[in-house]
Amino acid sequence: MTEYRKSEGYPANIIPPEILLEGYAQGIFPMARSRDDQKINWYTASRRGIIPIGYFKVSRKVKRLIRKKEYRWAVNEDFRGVMEGCAERESTWISGRLIASFEVLHEMGHAHSVEIFRGDRLVAGLYGATLRSAFFAESMFQREPEMGKIALYHCHERLKGRKFRLWDTQFYTPHLGQFGCLEVDSEDYDKLLERALRFHARFD
């Protein structure tokens with residue numbers, strides 16, 4: 001990969017952006033064991049979760065909430081706030097080191113967030129990394145019912161409108177299944193990833 005520059009001058013706790021991006025390009029993703037863990041482990045899976053872009057679906061209830069527009073949505077307005085929201089749970093793999101490293105990736109234009117606000121309050125959001133036309137979803141949170149689903153809806157609309165070709169969710173879960181998430185084996189995933197890396201798209 002040649003579209004990202006080598007990092008220089010970052011503190012020792014920062015994972016170099018080119019390392020993160022090269023990992024995603026190889027189909028692996030980083031996780032820590034806890035919020036305070038300084039070690040980063042890399043993972044993959046024999047079966048991967050993806051949401052086919054263009055086949056996303058939400059319930060009628062969520063569609064009604066979207067039409068009412070009793071919230072405000074934004075992109076990249078509070079990236080750190082979204083990561084902190086995602087890490088606010090009893091057990092988390094999002095460490096302080098990952099947050100700091102993804103902030104650098106965000107500044108370089110390779111990590112993005114979708115936020116849902118009620119007034120000035122951040123009530124839901126999600127974030128992920130991007131490389132060419134692939135979006136690698138990392139985590140999401142909500143502080144009000146259904147708001148996380150609305151964040152997913154707006155993320156899909158952004159990916160579809162900007163011609164992304166892969167929405168990687170890492171794993172399939174029944175929760176993601178309600179939005180159209182599918183499970184594919186590693187060989188099929190590698191082909192989807194290779195294809196997505198042949199095209200360019202911009203999230204922001």
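Observations, loosely collected:
- I99 satisfies every condition listed in (1) within 24 Å of L159 (Cβ to Cβ); (2) exposed (fewer than 15 other Cβ atoms within 10 Å of the Cβ); (3) among the aliphatic types (A, V, I, L, M); (4) free of Cβ contacts under 8 Å to residues at least 24 places away in the same chain except (2).
- Out of L159, L131, sole residue that is closer than 18 Å to P52 by Cβ and open to solvent by less than 10 Å² (accessible area, probe 1.4 Å): L159
- Candidates L98, L105: the one that is in contact with a Pro (Cβ under 6 Å, 6 or more places away or on another chain) and either farther than 30 Å from K39 by Cα or in a helix (DSSP H, G or I) (or both) is L105.
- Failed condition for K149, given (1) touching a Ser or Thr at 6+ places or on another chain (Cβ under 9 Å); (2) open to solvent by less than 20 Å² (accessible area, probe 1.4 Å): (2)
- Listed by position, the strands (runs of 3 or more DSSP E) inside segment 117-204 whose residues that are over 26 Å from S95 (Cα atoms), within 16 Å of the chain's Cα centre (by Cα) and free of Cβ contacts under 8 Å to residues at least 60 places away in the same chain number at least 2 form an empty set.
- In segment 50-74, the residues that are over 27 Å from Q170 (Cα atoms) form Cβ pairs under 9 Å with partners that are among the aromatic types (F, W, Y), at six or more places apart or across chains, as follows: L65/Y71; Y71/F117; R72/F117.
- Evaluation of E194 against (1) open to solvent by 50 Å² or more (accessible area, probe 1.4 Å); (2) closer than 14 Å to P52 by Cα (one fails), failing number: (2)
- Scope segment 164-180; condition over 20 Å from S113 (Cβ atoms) and touching a Ser or Thr at 6+ places or on another chain (Cβ under 9 Å); matching residues: R165, Q178
- Number of residues in segment 80-94 that are open to solvent by 10 Å² or more (accessible area, probe 1.4 Å) and either part of a helix (DSSP H, G or I) or closer than 19 Å to R118 by Cβ (or both) equals 4.
- Per the conditions (1) under 27 Å from L197 (Cα atoms); (2) open to solvent by less than 40 Å² (accessible area, probe 1.4 Å), the sole criterion not satisfied by H106 is (2).
The values are calculated or read from the model by the stated rules, or taken from the named source; none is laboratory data. Quick caveat, the model's predicted, so the values are computed rather than measured. Neighbour counts run over all protein chains shown; Cβ positions are idealised from the backbone, glycine included. To get the accessible areas, we keep the full protein, side chains included, count just its heavy atoms, and leave off ligands, DNA and RNA. Shrake-Rupley method; radii C 1.70, N 1.55, O 1.52, S 1.80 Å.
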